[in-house]
Structure formats: structure tokens, C-alpha cells
1. Given (1) more than 18 Å from ASN113 (Cβ to Cβ); (2) modelled with pLDDT of 95 or more, where does SER4 come up short, assuming only one miss?
2. Which helices (runs of 4 or more DSSP H) sit wholly inside segment 125-229 and have at least 2 residues that are closer than 27 Å to TYR41 by Cα?
3. Mind listing whichever residues of segment 121-147 are open to solvent by less than 60 Å² (accessible area, probe 1.4 Å) and within 30 Å of LYS96 (Cα to Cα)?
4. Exactly one of (1) within 30 Å of GLY164 (Cα to Cα); (2) without any contact (Cβ under 8 Å) to a residue 60 or more places away in the chain; (3) β-branched (Val, Ile, Thr) is unmet by VAL77. Its number?
5. Against the conditions (1) buried (at least 24 other Cβ atoms within 10 Å of the Cβ); (2) under 22 Å from GLU199 (Cα atoms); (3) more than 16 Å from the chain's Cα centre (by Cα), where does GLU36 fall short? Just the number, please.
6. Tell me which residues, restricted to segment 102-115, are near the ligand (Cβ under 7 Å from one of its atoms), part of a helix (DSSP H, G or I) and open to solvent by less than 60 Å² (accessible area, probe 1.4 Å).
7. From the residues in segment 253-285 that are away from the ligand (no atom under 16 Å from the Cβ) and among the aliphatic types (A, V, I, L, M), which one is farthest from LEU226 (Cα to Cα)?
8. On the basis of being within 21 Å of ALA286 (Cβ to Cβ) and near the ligand (Cβ under 7 Å from one of its atoms), does ARG131 make the cut?
Amino acid sequence: MNDSDVNIRPFAGQADIQFAASMTRNEKWYGETETELITYYRRDKSRCLIAESEGQKVGFCIATAYQSQGLIGMLIVSPAFRKQGIGTSLVREGVKFLKGKGVQTICLDSVSNAIPFFKPLGFREICRSLRFFGEIEPGTSPEISEIRPQDLNSIFEIDKKVFGQDRTYFLQQRLKNHPNLAFKLSLDGDIMAYLFGREGIGGWVEAGPFVSLIPCDTAMPLLQTLQERIGFCPFSIGVLETQKEMILQLVQAGLKPNPDSPVRMKSAGDITPGSDPCCLAIGAPAKG
Ligand SMILES: CC(C)(COP(=O)(O)OP(=O)(O)OC[C@H]1O[C@@H](n2cnc3c(N)ncnc32)[C@H](O)[C@@H]1OP(=O)(O)O)[C@@H](O)C(=O)NCCC(=O)NCCS
């Protein structure tokens with residue numbers, strides 16, 4: 001298939017969102033729901049790209065531009081149309097969009113099968129982006145409470161410092177969409193750690209972003225609080241391989257790493273969003 005046979009365009013409304021949601025369901029990406037897609041669409045629909053072949057929707061991807069850094073995520077081509085260059089066209093268009101926004105470094109989490117696909121597009125492997133799954137001992141602590149809208153300004157300030165980019169919009173939306181899964185840990189009235197969760201298809205729960213200014217063993221009660229809230233339901237959490245202490249805490253708490261976790265890849269630059277030791281867990285592959 002030639003590039004000219006594929007038309008890449010921005011999402012144009014609800015039908016495109018529903019198409020993308022059906023693709024994530026087929027791939028069993030249970031955290032990437034229609035609600036999540038709407039969040040991306042409302043922030044900037046030009047970042048949500050659909051591939052069409054002869055008028056038929058055959059793939060999509062999402063490009064997230066922060067300030068100096070950006071991410072590409074949720075890249076899916078319909079199985080019947082794979083290996084015809086459509087995935088390549090979508091990534092190229094996403095990269096063009098991000099560069100147009102002034103982004104210098106582009107990251108993505110690639111499933112292991114797709115690493116050979118991303119390499120010729122200029123991405124190199126940085127580290128594994130591990131996925132843990134399971135249940136931990138539920139619990140809570142007096143320092144922990146639900147995040148309320150009036151806490152957000154303090155959280156935004158911390159988040160900008162440790163994540164290095166402005167995730168304000170996504171954190172706001174996460175609280176709006178999943179207010180009962182967002183917790184903070186405060187010491188002497190100051191927020192020292194926070195955890196946002198989300199519920200996906202069929203009750204699938206994902207934990208993260210998880211940020212802590214205190215050692216991660218002392219922030220772990222936030223995860224126990226999430227577990228207490230969701231009952232006897234396992235959850236998933238994504239942690240960069242470089243967060244050694246966090247990994248140790250999760251393993252000790254009883255979570256199991258997925259042996260086929262994705263790999264974080266990067267296009268250029270020295271900094272990887274979310275690599276600060278305070279960023280204990282990622283928010284979502286397409287948001288960092
Ligand atoms: C990964 C994916 C988007 C690639 O889309 P695509 O349209 O098939 O990709 P292209 O046709 O542009 O592939 C370009 C090259 O990568 C290779 N390639 C594509 N997918 C590959 C895979 N899974 N493993 C190895 N090589 C792959 C192709 O063979 C092609 O190489 P060639 O030009 O030498 O023949 C598609 O396989 C897909 O939707 N997979 C399921 C969802 C997924 O894993 N997304 C990526 C998450 S990070």
C-alpha cells in the first residue's frame with residue numbers, strides 16, 4: 001500500500017471515539033476506555049489520529065504534547081490491514097504533530113513484539129516499563145485522605161517539579177472521572193504523596209500516577225488504601241525499571257510483574273518524562 005492510499009486525519013467526533021474504543025477493547029487494553037479517549041479528544045482533537053483506507057477506518061493513535069516532551073500511545077491498526085505501512089504512517093504523522101508543537105523528546109511504551117517496528121522510526125530502547133498485577137494487603141493510615149478539588153493546586157505544583165512537564169489537565173480529568181480512587185498523604189498539613197487510580201472495562205483497575213516526596217516504603221499505605229477501596233479486586237500498576245526501590249516494595253507487597261512488560265522507547269534527548277525517583281508509577285502509557 002502506498003502512503004497515498006492511506007488518509008491520516010484528526011478525530012472528527014463521537015463515531016471516531018467509538019471506533020478507537022472498539023479497537024482498544026479488541027486488543028484487551030482494559031484501561032483505555034471511551035472515557036479516556038474523550039479526555040484526549042477534548043484536550044486537543046488534532047492529536048487523535050485516524051487512518052482511513054478507501055474511506056474505511058483502519059487504525060488510530062494518540063499523540064500527547066506537553067512542553068519539551070511528548071508521547072505517542074494507543075497505536076492500533078486493524079488486524080486485516082497490518083504490515084501495509086499504516087502503522088508507520090500513523091507514527092510519522094504523530095511525530096510531525098508533536099514536533100510542530102515544539103516537542104524535543106518523544107517517548108512511548110512499546111509491547112515487545114513492536115520494538116522492531118519502532119526502531120526504524122527513530123526510537124531506541126531506554127528501559128522496561130514494567131507492569132505489575134495483583135492484590136496487596138488492604139489498609140490505611142490517618143495521614144491519608146481522598147483528594148479534593150481544592151488539593152489540586154498543591155498537587156499540580158509538585159507534579160510539574162517532579163514529572164518535569166505540565167500534566168494539570170490530565171490530573172484534573174482523572175479526579176473528575178474517578179474521584180473515589182484518588183488519595184493523598186499529608187504530613188503537617190502538606191501533601192507529600194498522591195495516587196490517582198482509574199477503573200477500566202469490566203472493573204479493571206489501574207493505579208497511577210503515583211508520586212511521592214517521601215521514601216516509597218512510607219508512601220505504600222496509599223496503595224493499600226486503594227486496595228481497601230476496591231475490595232478483593234486485583235489492580236495493575238506501571239513502573240519504570242529504573243525505580244528499583246518501588247519495584248522491591250511492590251514485590252514484597254505481593255504483586256507479580258508481567259513477564260512480557262512493554263519497553264520504554266525514546267526518539268531523542270536526555271530526559272525521559274517520569275524518570276525522576278519521585279515518580280513511583282506512570283499514569284498511562286500515552287500520558288506518561
Ligand atoms: C504495531 C502495529 C501498530 C504496526 O502496524 P502496521 O500497520 O502493521 O505497521 P507497518 O505496516 O507500518 O510496519 C512497518 C514495519 O514494521 C514491521 N512490523 C510491524 N509490526 C510488527 C511486529 N508486530 N513485529 C515485527 N515487525 C513488525 C512490518 O513488517 C514492517 O516492516 P517492513 O517494512 O520491513 O515490512 C500493529 O501491528 C498493531 O496494531 N499491533 C497491535 C497493537 C500494538 O501492539 N500496538 C503497539 C503498541 S506500542
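1. (2)
2. Values: elements: 152-163, 168-177, 216-219.
It comes to 152-163, 168-177.
3. Answer for segment 121-147, where residues must be open to solvent by less than 60 Å² (accessible area, probe 1.4 Å) and within 30 Å of LYS96 (Cα to Cα): LEU121, GLY122, PHE123, CYS127, SER129, LEU130, ARG131.
4. With (1) within 30 Å of GLY164 (Cα to Cα); (2) without any contact (Cβ under 8 Å) to a residue 60 or more places away in the chain; (3) β-branched (Val, Ile, Thr) applied to VAL77, the lone miss is (1).
5. Only one criterion is unmet by GLU36, namely (3).
6. At the first step, the residues of segment 102-115 found to be near the ligand (Cβ under 7 Å from one of its atoms) are 108-111, 113-114.
From what's left, part of a helix (DSSP H, G or I): 113-114.
Once the filter is applied, which keeps residues that are near the ligand (Cβ under 7 Å from one of its atoms), part of a helix (DSSP H, G or I) and open to solvent by less than 60 Å² (accessible area, probe 1.4 Å), segment 102-115 yields only ALA114.
7. Once the filter is applied, the top-ranked residue is ALA268.
8. Details: within 21 Å of ALA286 (Cβ to Cβ): yes; near the ligand (Cβ under 7 Å from one of its atoms): no.
The answer is no for ARG131.
The values are calculated or read from the model by the stated rules, or taken from the named source; none is laboratory data. Computed from a predicted structure; not experimentally measured. All Cβ positions, glycine included, derive from the backbone under ideal geometry; neighbour counts span all protein chains shown. Ligands, DNA and RNA are excluded from the accessible area calculation, which covers all protein heavy atoms including side chains. Shrake-Rupley method; radii C 1.70, N 1.55, O 1.52, S 1.80 Å.
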